[in-house]
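What follows is a single structure, written as C-alpha cells, with notes after it.
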Amino acid sequence: MAEKKEFLLWEKDTPGYIGGEIPKITYYPSENKKGDGAVVIFPGGAYAMRADHEGRGYAEFLAKNGIDCFVVDYRVSPNRFPYPLLDARRAVRFVRANAVKFGINKDKIAVMGSSAGGHLAALVSTYKLPIDGESVDDIDKENFMPNCQILCYPVIDIEGHRGSFVNLLGDKADALADSVTPHMICDKTTPMMFLWHTSSDEAVNVINSYKYAISLRKLSIPVEMHIYPEGGHGLGLAESLPYISGWADRLCKYLKHIDYISE
C-alpha cells in the first residue's frame, strides 16, 4: 500500500484549541487509482474517542479499491460543539484546496462516518450557519459542503444516542439538540446519501436512519439505504459476519455508479 501522510488541519493556531491532541488529517493514497473521487472519513466513538477500525480500517479498504481517502482526527470531549464540526468543515476544505496536488476532483468529495462519526458526516452535510474560527486563510475560501454522504449506523438525533449529544453539547444537550439534528435541518441542497444499519442495533436505534432517509426523500434527494435484519453496533467492515460485510462491496458499486471510481 502507498505510504500514508499526515497533515495538521491548521498549520498555525488551531481555532478554539484548549489543549490535548491537535486536529489532523491523514491521507491514504489509493492503490491502482480508479477515479478522481475522494472520501473524507470521520471515525465513530460517541464524541468521546475515535475508533481506529472505523477510520484507518475503512481507508485501507477503500484505497485498495481505487479511491483516495482521508481520515480526520477531529476534536472530541471535553471539546464541545462547534469544534468537531469546525474540524470536519476544515477537512473538506483542506481536501478541496489541495485537489490538484492529490489528483482528485473537488466536486467529488464524499464524507463518511460511523455512529457519532456518522452524525458528524451528516452534520457537515446539513448545518450551514457560520462558525467562529472560519475564514482564517485561503483554505477557508473553499466550500465546506460535501458532494455525497456515506453513513454507517449513524447517530442522527438525541433519541438515537443521548451520550453522543451530551459529549458534543455538554449541559446544553437538550436545549440545542434540534439545531444539530440532521433530519430537522436538511434542505434541498443536502448531498445524496448511502447508508447502512442493522435492525437489531441496541446502541443506536435503526429508527434514527429511517428518520433521516424519510426527510431526504421528501426533499427528493437520492438515497441508497441497506438495513440488515441482525447484527450489533460498531461493526465497521463486519469481516466476521459475511452477510453484513457485503455492505462494503455495495458501497464500492455505489461509488462506481456515481462516477467516483471506474470499473
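A short reminder: the numbers here are calculations on the coordinates, not readings from a lab. Keep in mind the model is a prediction, meaning the values are calculated, not measured. Counting neighbours? That spans all protein chains shown, and the Cβs are built from the backbone with ideal geometry, glycine included.
Near the amide H of Cys69, within less than 5 Å, lie the amide hydrogens of Tyr28, Ser30, Val39, all on another chain or at least 5 residues away, with H placed in the peptide plane. Here r is the Cβ-Cβ distance between Lys4 and Lys141 and R0 is 35 Å; the resulting FRET efficiency, rounded to 0.05, is 0.85.
What Kirkwood radius, in Å to one decimal, follows from the Cα pairs of the range 5-257?
Values: mean 1/r = 0.0561 Å⁻¹.
Taking every pair of different Cα atoms in the range 5-257, averaging 1/r and inverting gives 17.8 Å.
With a Förster radius of 22 Å applied to the beta-carbon distance between Lys188 and His257, the computed FRET efficiency rounds to 0.55. In this structure the amide hydrogen of Glu224, modeled in the peptide plane, comes within under 5 Å of the amide hydrogens of Met193, Phe194, Leu195, none closer than 5 places in sequence on its chain.
For a quick check: sort Tyr210, Tyr243 by the number of other beta carbons within 10 angstrom, fewest at the front.
Arranged by neighbour count, lowest to highest, Tyr210, Tyr243 become Tyr243, Tyr210.
Cα to Cα, under 29 Å, and not fewer than 8 places away if on the same chain: which lysines meet these conditions relative to Lys12? In chain and number order, the partners are Lys4, Lys24, Lys101, Lys106, Lys108, Lys128, Lys141.
Counting every other Cβ atom within 10 Å of each residue's Cβ, Thr26, Thr126 order from fewest to most as Thr26, Thr126.
You can think of it this way: the chain between Glu239 and Lys218 has 4.1 nm of extra reach, that is 0.36 nm per residue less the Cα-Cα gap.
Whole-Hz Karplus values for the range 84-99 come out as x, 5, 4, 5, 5, 4, 4, 4, 4, 5, 4, 5, 5, 5, 10, 4 Hz, taken residue by residue from phi with 6.51 cos²θ - 1.76 cosθ + 1.60 and θ = phi - 60°; glycine and proline positions read x. For the range 62-77, backbone phi angles converted through the Karplus equation (6.51, -1.76, 1.60; θ = phi - 60°) give residue-by-residue couplings of 5, 4, 5, 9, x, 10, 5, 10, 9, 9, 9, 8, 7, 6, 10, 3 Hz, Gly and Pro being listed as x. Here r is the Cβ-Cβ distance between Asp13 and Asp107 and R0 is 22 Å; the resulting FRET efficiency, rounded to 0.05, is 0.15.
Just checking the listed ones, Gly19, Gly163, Gly45: in the Gaussian network model of the chain with Cα springs under 10 Å, the one fluctuating most is Gly19.
When the chain is treated as a Gaussian network with alpha carbon springs shorter than 10 Å, the biggest mean-square fluctuation among Val206, Val111, Val155 belongs to Val206. Please return the longest range in the chain lying between exposed loop sites, taking trypsin sites (Lys or Arg not before Pro), DSSP loop only, at most 14 other beta-carbon atoms within 10 Å, and leaving the sites out. Answer - 13-127.
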